[in-house]
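Report on one structure; see the data block that follows.
The values are calculated or read from the model by the stated rules, or taken from the named source; none is laboratory data. Every value quoted in this text rests on a predicted model; they were computed, and no experiment measured them. Cβ: placed from backbone, ideal geometry, glycine included. Neighbour counts: every protein chain shown.
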Amino acid sequence: MSEITPRLSFPYILQSQSQKETTHNESLIFLDAFVQTAVESAALTAPPTTLTSGALYIVADSATGDWEGYDGDLAQYIGSTWVFYIPFAGMRVWDKATPQGLIYNSSGAWENDLTAAAKVGFFGSTPITQPTVSGSKSSNAALTSLITKLALLGLIVDSTT
């Protein structure tokens, strides 16, 4: 059996392990970072000068200082040190500085959640840009209803007349 969970890499408490509270506390720190995830900023390339325990950031590209080599990762200040987490595809966070939702895409980059929502993809398929439907619905009530509902669901852009 592995010593960590498969998706978030939380440490398991092992049967013969001493000081089980250490592993448990480490998992609580992970949960603190991953449940209702909100970051202070996604634009910093170096740690902020004012450090707040528990503060979470997305490390911007070309990071320096204690963050060097962690571009795109989540950085959380715990006690007197930085803890880094590798994001996974589909992970969502709230950026308090902008304020907007961000999603970690399958290409390994953070993007605005609204940009991601403007794309369509199902069951792990690669999202595509919403198709635009144009032309005339004429007096076809069923077609008008269908196009209206698909547009409301965000699946198409309705440019019909």
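For the reader, a short list of remarks on this structure follows.
- Top-ranked residue of segment 1-41 - restricted to ones that are among the small types (G, A, S) and closer than 19 Å to I78 by Cβ, ranked as modelled with the lowest pLDDT: S9
- Among the residues making up segment 130-161, those that are within 27 Å of the chain's Cα centre (by Cα) and without any contact (Cβ under 8 Å) to a residue 24 or more places away in the chain are L150, A151, L152, L153.
- For segment 86-100, a residue qualifies if it is surrounded by fewer than 19 Cβ atoms within 10 Å (Cβ to Cβ) and closer than 17 Å to A33 by Cβ, and the qualifying residues are I86, F88, G90, M91, R92, W94, K96.
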